[in-house]
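Report on one structure; see the data block that follows.
No value in this document is a laboratory result; all are computed from the given coordinates. Model, not experiment: these values are computed from the prediction. For neighbour counting, all protein chains shown are included, and Cβ atoms are generated from backbone atoms with ideal geometry for every residue, glycine included.
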């Protein structure tokens, strides 16, 4: 009897309500299926635009590849030039020192010479050597009486001397040299007070 009491309700069919989601989804699909007819003129315009864009892309790609190759060549050339500059600079420095070496060799070849002549020859070679350094831009530094500067001087000892001012070089054990503003070798000095 329970089965008889249950009434079967007829299945409801979906309403044709334009606001239902099923209907909204069905309409664009119908439009997509229909498709849009493209005129021959529009198709030719799109193909022309595509060809133009492809030509521009090819031109830009060619320009990029050329620029990349030029940069690679520039980098390699710069490396070669750096190596050559270093070699040329070293060669120029050695060339400036060779006359000094020649004169030292000549002085040692002398068998019979007095101490005074030997001393005079060594002084001349030293002058020639300092001139060679000067031509290369190297200057000596660290003289007695100069003010002590820890950036260019190396203090190895300290003395008390009433005759000298505070922080003054009283003795130089080894001269220092500078190339422009760069210290090549610090002067080894004694500082007073």
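One quarter of the convex hull surface, Cα atoms only: what value does that give for the range 38-136 in nm²?
In nm², the orientation-averaged hull projection of the range 38-136 is 9.3.
What's the extension gain from residue 86 to residue 62 if we count 0.36 nm per residue and subtract their Cα-Cα distance?
Values: separation 24, 0.36 × 24 = 8.64 nm, distance 3.64 nm.
Taking 0.36 nm per residue and subtracting the Cα distance, the gain is 5.0 nm.
Extending each Cα 7 Å along its Cβ direction at residue 136 and residue 182, get the distance between those two points in nm, one decimal.
1.3 nm
Taking 8 Å as the Cα distance limit and 6 or more residues as the minimum spacing, I'd like the relative contact order of the range 138-193 as a percentage.
Worked out over the range 138-193, it gives 47 percent.
Using the Kirkwood formula over every pair of different C-alpha atoms, what hydrodynamic radius in Å results for the range 138-193?
Kirkwood hydrodynamic radius for the range 138-193: 11.1 Å.
Could you tell me the distance between the Cα centroids of the range 95-124 and the range 40-88, to the nearest Å?
So the two Cα centres are separated by 63 Å.
Given labels modelled 7 Å from the Cα in the Cβ direction, how far is it in nm from residue 36 to residue 165?
Taking the two extended label points, one gets 9.1 nm.
Work out, step by step, the length gained on full extension between residue 98 and residue 151: first 0.36 nm times the residue separation, then minus their alpha carbon distance; give nm to one decimal.
15.9 nm
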